[in-house]
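Nothing in this text is a laboratory measurement; each read-out follows from the coordinates by a stated rule. None of the values given here were measured: they were computed from a predicted structure. Positions of Cβ are generated from backbone atoms using ideal geometry, with glycine treated the same way; all protein chains shown enter the neighbour counts.
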Amino acid sequence: MPPPRSKLIGASLAALQNNARLTVAELAEKVSLTTSPCWRRVKILEEQGLITGYQAILSPKHLGYGVTAFVSVMMASHSQETARKFEQCLLDIPEIVACHNISGRYDFLLEVVAKDLESFGEFAREVLQTLPAVKEIYSSFSFKSVKPLRKMPLAL
């Protein structure tokens, strides 16, 4: 197998990032391979963890989510156990669509969707502020999504 940064692998990853619904035959044509070697390469990329999954990208607006908030969370405690409990709680909250442990004044940055501002306010009071060891939250709201799709750069 070529090294992970080969042009063939880069082309395969780029094609799948643009359209994960490509058939093996379509992908093989795009990267100038026959179907069997192409299928094997994709399986190897999955096994190596370069491809971690495939998903449909849903429209928040069409699902009734009119508000996207970015919530900065400051923790009252910085122990490993506190962070673990906090992170575990987040996994069970569907309105939190992304979470990052960050550096700086705040400890976590959450991306949250809500039906409207009133719903977000209720969610912040009843859910976010009751999470373990939360000292402070600060919310910013998105006016529009400028670059919504998450595509990894594939500099080769």
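Nearest 20 debye, what's the magnitude of the dipole of the stretch 35-141 about its Cα centre given +1 on Lys and Arg Cβ and -1 on Asp and Glu Cβ?
My answer is approximately 420 debye.
Say the cut-off is 30 Å between C-alpha atoms; which of 43/144; 85/147; 85/144; 85/115 go over it?
43/144; 85/147; 85/144, as the Cα separations exceed 30 Å there.
Any chance you could give the angle, 0 to 90 degrees and rounded to 10, that helix 117-126 forms with the longest Cα principal axis of the chain?
Compared with the principal axis, the helix lies near 70 degrees.
Amide H of residue 99 versus every other amide H placed in the peptide plane: which residues, excluding those fewer than 5 positions away on the same chain, fall under 5 Å?
111
Rounded to two decimals, what is Rg over Rh for the stretch 9-156 when you use alpha-carbon atoms and the Kirkwood radius?
1.09
Assuming a viscosity of 0.692 mPa s and a temperature of 37 °C, what translational diffusion coefficient in µm² per second does Stokes-Einstein assign to the stretch 67-141, Rh being the Kirkwood radius over Cα pairs?
The diffusion coefficient I find is 267 µm²/s.
Which shape class, rounded, prolate or oblate, goes with the stretch 7-47 when its Cα gyration tensor gives a ≥ b ≥ c as root eigenvalues, a/c under 1.5 marks rounded, and past that a/b bigger than b/c marks prolate? Before the final figure, lay out each step's value.
On the way: a/c = 1.23, a/b = 1.05, b/c = 1.17.
It comes out rounded by the Cα gyration axes.
Working from Cα positions, state the angle (0 to 90°, nearest 10) between the long axis of helix 80-91 and the longest principal axis of the chain.
Roughly 70 degrees between the two axes.
Stick to the Cα atoms of the stretch 1-94, pair each with every other, and give me the Kirkwood hydrodynamic radius in Å at one decimal.
16.9 Å
Using the alpha-carbon atoms, what tilt in degrees (0 to 90, nearest 10) does helix 35-47 show relative to the longest principal axis of the chain?
That works out to roughly 30 degrees.
Using alpha carbons only, how many angstrom separate the centre of the stretch 15-67 from the centre of the stretch 101-150?
30 Å
What is the percent of Cα-Cα separations in the stretch 43-96 that go past 18 Å?
Cα-Cα pairs in the stretch 43-96 separated by more than 18 Å: 62 percent.
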